[in-house]
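Visitor: Take a look at this one; I'll ask things after.
Here, each number is a calculation from the coordinates, and none is a lab measurement. Being a predicted model, the structure only gives us computed values, none of them experimental. Because the Cβ atoms are built from the backbone with ideal geometry, glycine has one as well, and the counts that use them run over all protein chains shown.
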Amino acid sequence: MPGKWGLHQFYAKDQQIKKLLPPTVLFNRTTFERFLAQYGSVYIKPNMEHKGKGIIKAWKKGSVYSFVVVKGGIRRYGNAGALYNAIRSHTGEKQHVLQKTIPLARIGGRPFDIRVMMIRDASDQWRYCGMLAKVAPDGSVVTNMSRGGRVRAMDDVLKQAFNWNEEERKRFKDQLVLSSQQICRRFDRYKYSYQIGIDFAADRSGRLWLIEVNFDYPSHALFSRLKDRTYFKLIKQTVSEYRLARSKRRIKKAND
């Protein structure tokens, strides 16, 4: 498995997907000081970890340089070099990626991101099966449910965050589905999977960004937490139909 950096490079070769990718590099002293000076706020993410584990947010405000780990306390320093050294003492020598902080749209003062679920159907074609918003817990730098986040229906969140009308919400959701289909087709060139959970972010202007592609058992349970269980039922139905069709194809192939 190539990790976040390898997958970033892989997706960046597709010009449509590249437009969705936040500026990302490998984390070292040079790139850290450059990104912090250029963007003011960055995320440092373990290359081989997922589900929000080990994520650090670092930022500069005036002459104060700070960082925080998931729901930890903020630590402050007087210059970028001291901040880098403190972060390195926390990360050790494991490889990390460095990413520009996307100013996430918020509801009730809390940032959210978006999960889109894509599953292969009985004919082995990618099928859109649902989307939802994941809202960060208070004081957290990540939205992951394992870190205390909560789920919300997309329409409710888009109305609250952007005050969009029905047509504007539909246009945004259509873009999510189209981008997810493009990502799945690109992913097919990397490896075969029958289900993918894609995490997007919307910034405060409503621009869409790709955050992560989850292909190792993406959570179905997220969708069971929505009041409307339509997506959850569709996910379970599509998985069942796919598995049955795959089993029939294997039996037919064995008998040919």
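Visitor: Please list the radius of gyration and Dmax for region 106-255, considering alpha-carbon atoms only, with Å as the unit.
Guide: For region 106-255, the Cα radius of gyration and maximum Cα-Cα distance read 16.4, 59 Å.
Visitor: When the Karplus curve 6.51 cos²θ - 1.76 cosθ + 1.60 is applied with θ = phi - 60°, which whole-Hz ³J(HN,Hα) does each residue of region 162-168 get, with x for Gly and Pro?
Guide: 10, 6, 7, 7, 4, 5, 5
Visitor: A further question follows. Can you pull a Stokes-Einstein diffusion coefficient for region 1-92 at 37 °C (0.692 mPa s), Rh from Kirkwood over Cα pairs, as a whole number of µm²/s? Could you put the intermediate results ahead of the total?
Guide: Values: Rh = 14.1 Å.
The diffusion coefficient I find is 232 µm²/s.
Visitor: Which entries in Lys134/Lys227; Lys19/Lys53; Lys170/Lys227 show an alpha-carbon gap greater than 22 Å?
Guide: From Lys134/Lys227; Lys19/Lys53; Lys170/Lys227, over 22 Å: Lys19/Lys53.
Visitor: Provide the three semi-axes, in whole Å and in decreasing order, of the ellipsoid equivalent to the chain as defined by the square roots of 5 times the Cα gyration tensor eigenvalues.
Guide: Ellipsoid half-lengths, sorted descending, are 34, 22, 16 Å.
Visitor: Right, next: For Met48, Met154, Met118, which order do you get if you count the other beta carbons within 10 Å of each Cβ and list the fewest first? Mind showing how you got there, number by number?
Guide: Values: Met48 16, Met154 21, Met118 25.
Ascending Cβ contact count within 10 Å gives the list Met48, Met154, Met118.
Visitor: Using Cα-Cα distances under 8 Å and only pairs 6 or more residues apart, what relative contact order does region 106-255 have, in percent?
Guide: So the answer I get is 29 percent.
Visitor: So, one more: Which ³J(HN,Hα) values, rounded to whole Hz and listed in residue order, are derived for region 29-46 from phi using the Karplus coefficients 6.51, -1.76 and 1.60 in 6.51 cos²θ - 1.76 cosθ + 1.60 with θ = phi - 60°, glycine and proline given as x?
Guide: Each residue's phi maps through the Karplus curve to give 4, 5, 5, 5, 5, 5, 5, 5, 5, 7, 10, x, 8, 9, 10, 10, 10, x Hz.
Visitor: Name the residues whose placed amide hydrogens come within less than 5 Å of the amide hydrogen of Arg204, ignoring near sequence neighbours (fewer than 5 apart) on the same chain.
Guide: Ala105
Visitor: Hey, another quick one. Taking Rh as the Kirkwood radius computed over C-alpha pairs, what is the Stokes-Einstein D of region 48-135 at 20 °C in a medium of viscosity 1.002 mPa s, expressed in µm² per second?
Guide: 133 µm²/s
Visitor: Arrange Thr91, Thr30 by Cβ neighbour counts within 10 Å, fewest through most, would you?
Guide: Fewest-to-most ranking of Thr91, Thr30: Thr30, Thr91.
Visitor: Under a cut-off of 18 Å between alpha-carbon atoms, report the aspartates and glutamates in cross-link reach of Lys18, not counting same-chain residues fewer than 8 places apart.
Guide: The reachable aspartates and glutamates, counting only those whose Cα sits under 18 Å from Lys18, are Asp188, Asp199, Asp203, Glu212.
Visitor: Another one. Going by how many other beta carbons lie within 10 Å of each one, how would you line up His96, His8, fewest first?
Guide: By the 10 Å Cβ count, ascending, the order reads His8, His96.
Visitor: Tell me the mean residue ellipticity at 222 nm calculated for the chain from its helices only (DSSP H runs of n ≥ 4, each -39500 (n - 2.57), averaged over every residue, nearest 500).
Guide: So the helix-based figure for the chain works out to -12000 deg cm²/dmol.
Visitor: Dipole size in debye (nearest 20) for the chain around its Cα centre, Lys and Arg Cβ +1, Asp and Glu Cβ -1?
Guide: 360 debye
Visitor: Filter the trypsin sites (Lys or Arg not before Pro) in region 1-97 to those in DSSP coil with at most 16 other Cβ atoms within 10 Å of their Cβ, and list the result.
Guide: Taking region 1-97 and a limit of 16 other Cβ atoms within 10 Å, the loop trypsin sites (Lys or Arg not before Pro) found are Lys13, Lys19, Lys51, Lys53, Lys71, Lys94.
Visitor: Report, by chain and number, residues whose modeled amide H sits under 5 Å from the one on Asn79, excluding near sequence neighbours (fewer than 5 apart, same chain).
Guide: Distant-sequence amide H within range of Asn79: Tyr65.
Visitor: Another question about this same structure. Magnitude of the Cβ-charge dipole of region 22-100, K/R +1 and D/E -1, about the Cα centre, nearest 20 debye?
Guide: 220 debye
Visitor: Still on this structure, please answer the following. Which one of Gln95, Ile44, Thr30 has its Cα pushed farthest toward the positive end of the charge dipole of region 22-100, where Lys and Arg give +1 and Asp and Glu give -1 at the Cβ?
Guide: Ile44
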